[in-house]
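The values are calculated or read from the model by the stated rules, or taken from the named source; none is laboratory data. As the structure is a computational prediction, the values presented were derived from the model and not from experiment. Reconstructed Cβ throughout: ideal geometry from the backbone, glycine too, with neighbour counts over all protein chains shown. Heavy atoms of the whole protein, side chains included, go into the accessibility calculation; ligands, DNA and RNA do not. Shrake-Rupley method; radii C 1.70, N 1.55, O 1.52, S 1.80 Å.
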Amino acid sequence: MPDFSLSIALEKKILPAVTFDNEENVLPVVETFLKAGLSLMEIPFRTGVAEKAITLIRNNFSGMYIGAGTLLSTDQLHKAINAGAHFGLSPGLNQSVCNEAKRLGFPFIPGVMTPSEMERADELGYTIQKIFPADQLGGVSFLKAMQGPYEQLGIQFIPMGGVNIQNMGAYLLLKNVIAVGGSWLASKELMRVKDYKAIADNIKAALQNIKQINE
């Protein structure tokens with residue numbers, strides 16, 4: 001496994017999910033991200049392009065950190081690793097996938113919804129956890145309620161699902177949120193029409209938001 005730190009990769013406090021439907025958008029979108037100041041993205045394994053996209057990026061942009069998302073099986077986990085992903089994510093807590101990632105030394109972020117899943121993920125060795133679907137679970141108020149009980153475990157969350165430019169600040173003000181995730185920065189529609197300027201503008205707006213929160 002390559003030398004990689006999730007906490008360092010998440011220093012920008014944002015993890016955009018980018019679902020590629022075709023290969024031709026991959027390199028232009030990644031170049032747009034890097035020029036706009038963001039060197040991290042998640043590529044969900046929801047399309048047949050995901051594996052190839054990860055390999056393309058690793059072969060062309062050494063400065064981009066790539067997470068493979070929506071990993072639902074150990075087979076997908078192995079495919080993500082072989083494609084060159086730096087880390088992986090899942091929408092749920094699949095113990096087989098978690099254990100295999102741990103065995104291979106592959107940085108991984110399991111998805112959780114309930115306090116029981118949070119505790120189980122922590123027992124498996126995962127203190128960075130994905131909250132999904134964040135908005136449907138209660139959003140900021142839900143995560144605020146989790147602060148007290150789980151502060152002693154040092155669990156840090158990445159809320160995904162319903163997070164956007166309008167509410168990301170409220171999430172990031174919570175001390176148990178390490179970063180926010182979402183697909184609005186590079187939506188399927190923006191990629192379909194190849195509006196890379198709009199993607200760059202979205203990234204810059206999000207990073208400016210985060211800068212103001214940090215200050």
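What the table shows:
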{"quantity": "For a label point 7 Å along the Cα-to-beta-carbon line of His78, residues of the range 104-126 with backbone N under 17 Å", "calculated": "104-106"}
{"quantity": "Where the range 1-145 is the region considered: accessible area per residue in Å², 1.4 Å probe", "calculated": "42 Å²"}
{"quantity": "All-pairs alpha carbon distance profile, the range 47-159, 10 Å steps from 0, percent", "calculated": "14, 43, 30, 13, 1"}
{"quantity": "Label-zone membership for the range 180-215, site Leu174, 7 angstrom Cα→C-beta point, backbone N under 12 Å", "calculated": "180-181"}
{"quantity": "Inter-label distance, nm, simple model (7 Å from Cα along the C-beta direction), Arg46/Gln152", "calculated": "3.8 nm"}
{"quantity": "Theoretical gain in end-to-end length, Leu104 to Glu117 [0.36 nm per residue, Cα-Cα removed]", "calculated": "2.5 nm"}
{"quantity": "Area of Ser116 that stays accessible when all protein chains are in place (1.4 Å probe, Å², to 10)", "calculated": "90 Å²"}
{"quantity": "For the chain, convex hull volume per residue from C-alpha positions, Å³", "calculated": "111 Å³"}
{"quantity": "Under the Karplus curve 6.51 cos²θ - 1.76 cosθ + 1.60, θ = phi - 60°, whole-Hz ³J(HN,Hα) for the range 96-103, x wherever Gly or Pro sits", "calculated": "4, 5, 4, 5, 5, 4, 5, 4"}
{"quantity": "Glu215/Asp195 FRET efficiency (R0 30 Å; Cβ-Cβ; nearest 0.05)", "calculated": "0.50"}
{"quantity": "Thr70, Thr127, reordered so the largest accessible area comes first (probe 1.4 Å)", "calculated": "Thr127, Thr70"}
{"quantity": "Candidate residues Ile158, Ile213: accessible-area rank, largest first, probe 1.4 Å", "calculated": "Ile213, Ile158"}
{"quantity": "Heavy-atom accessible surface of the range 110-187: percent carbon and sulfur, 1.4 Å", "calculated": "53 percent"}
